[in-house]
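Asks: My questions all concern the structure below.
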Amino acid sequence: MPSAAPTKPAARLGAKIRLLRRQEGLSQVQLAEALGISPSYLNLIEGNKRPLTAPLLIRLAQQFHLDLRALAPDEDQRLSDDLMEAFGDPLFESLGLQAQDVRELVQNSPTLARGVFELYRAYQHSQDSLDTLADKLSDGQGFDPEATRLPSEEVGDFLQQAMNHFPELEVVAEELCATAGLDADQPYPALAAAFEARNVQIRIHRVSEGPGLLRRYDPDRRILSLSELLPQRSRTFQLAHQLALLDHGDLLDRLADHPLLRTNASKALARVALANYFAGAVIMPYERFLRAAKSERYDIDILARRFQASFEQVCHRLTTLRRPGAEGVPFHFLRIDIAGNISKSFSASGIRFARFSGACPRWNAHAAFLTPGLIRTQLSEMPDGRKYFCIARTIQKDTGGYRGQHAMQALGLGCEMGHAKELIYADGLRLDQPPVPIGVTCRLCERTDCEQRAFPPLQQAFKVEENLRRTSFYARIGGN
């Protein structure tokens, strides 16, 4: 039998294999026989005392009908990060928990670790909604227990686990492009013809008919109504989105039937996200878009004009380029409002986003609001030493007209520093210059020399020094 010392990934896999075996109701003898190894060797693997070889890994995936990504160590790291953020709550301050404690919990009892995290998430949501609950109870209204779960968080976890790549949607999008004869430069006429072929009428409605309403489909009258406020590129996107709902509802349902999506609201929101994915794949076909992205060095404005898409739609599509053997740069993406609330996030770069608190104020996505419409670049470094190259820019959404609301948001797109030279935005920059130190959120960040700290770090006891006055109450700048 192999005698090499187990690697870190192998150490994490022992508990996962034990959990999978127990979930299937198998004994060690039964699983060992199916894998063609001795029960004693399986016992050593589950105890993290022997490494898991590639052939055994494949046999395990076949035995449990697993996607190999289910055994990926990244899942453990994300769960560890999530738990560390949860334990950053002052509620746990007296426990003195360390990162190693959390890692050992995840490695040895992943189900228990996930349960602890879900329990904290439910607690956090209930705390955030106490005032609303009190109002409802005082008014004699009912209470829906599902309201304590945010569907957007469950959908975010769902997209992250899939690495925001859905091959089945790519296939049906390519089939539509071929059968409908979409013109790469002008896809709208062919999509409109596809609705005509399905006996669906398209009409453009006035703002006064439905303030704030951009798209509405009436299945009884078979009328698709689009707002006059939508530019042509957005009308094209909405047509493709509606085609996903009309032609591929069963596929959307099947993809949304996922353990991470536990409520009806989450499944419904996931269907919307998947239909948006389909629309992006239709107007920005995978192979053609990937070639263009690489040849134009990920110039978002050029890609947006070439594919009749918006800046945000292109950013979204760039994060989906994860086809094995034909990958693009692994990007992370976030969208925030001027108050710092993160409304969308995804990470293929490995960078970590805050779940329960505001993002680090040093991220360039915040500074983008100072220069609306302009691209801002940033070289940054997380506390673990990983370096990133990021861009950020504001976008503005309005409901049209003089009295329309004009909501400004900022988009952030970034990658590991090793990919920076592939992006046109890095031209002319010294990539070896000192990066901006950033973190996930103040409670998890160990940097004590940050003047922008809003809270003390979790890892250090907070001391009030009444005879000292620094530029920041929580930072330790200019001496102890």
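Each value in this text was obtained by applying a stated rule to the coordinates, not by laboratory testing. What you see is a predicted model, and the numbers here were worked out from it, not measured in a lab. Reconstructed Cβ throughout: ideal geometry from the backbone, glycine too, with neighbour counts over all protein chains shown.
Asks: Evaluate the charge dipole of segment 234-349 about its Cα centre and quote only its size in Debye, nearest 20, assuming +1 on the Cβ of each Lys and Arg and -1 on the Cβ of each Asp and Glu.
Replies: On the way: 16 positive and 11 negative charges, 29 e Å.
Roughly 140 debye for segment 234-349.
Asks: Might you report the magnitude of the Cβ-based charge dipole of segment 167-323 about its Cα centre, with Lys and Arg at +1 and Asp and Glu at -1, to the nearest 20 debye?
Replies: For segment 167-323, the charge dipole is close to 300 debye.
Asks: Let me ask something else about it. From the phi angles alone, apply the Karplus equation (6.51, -1.76, 1.60; θ = phi - 60°) to segment 237-254 and give each ³J(HN,Hα) in whole Hz, x where the residue is Gly or Pro.
Replies: Each residue of segment 237-254 in turn: 4, 5, 4, 5, 4, 5, 5, 4, 5, 6, 9, 10, x, 5, 5, 4, 4, 5 Hz.
Asks: Also: Assuming a viscosity of 1.306 mPa s and a temperature of 10 °C, what translational diffusion coefficient in µm² per second does Stokes-Einstein assign to segment 322-440, Rh being the Kirkwood radius over Cα pairs?
Replies: Translational D for this selection: 105 µm²/s.
Asks: Arrange the following residues from fewest to most other Cβ atoms within 10 Å of their Cβ: 291, 216, 352. List each step's numbers first, then the result.
Replies: Details: 291 12, 216 15, 352 23.
Placing the least packed residue first, the sequence is 291, 216, 352.
Asks: How big is the C-alpha Rg of segment 167-323 next to the rule-of-thumb value 2.2 N^0.38 Å, as a ratio?
Replies: Values: Rg = 15.7 Å, N = 157, 2.2 N^0.38 = 15.0 Å.
Cα Rg divided by the expected 2.2 N^0.38 Å: 1.05.
Asks: With all distinct Cα pairs included, what does the Kirkwood hydrodynamic radius of segment 241-312 come out to in Å, to one decimal, could you say?
Replies: It works out to 13.6 Å.
Asks: Could you go through segment 153-168 in sequence order and give the Karplus-derived ³J(HN,Hα) for each residue, using 6.51 cos²θ - 1.76 cosθ + 1.60 with θ = phi - 60°, rounded to whole Hz, and x for Gly and Pro?
Replies: Couplings: 5, 5, 5, x, 5, 4, 5, 5, 5, 7, 6, 6, 9, 10, x, 5 Hz.
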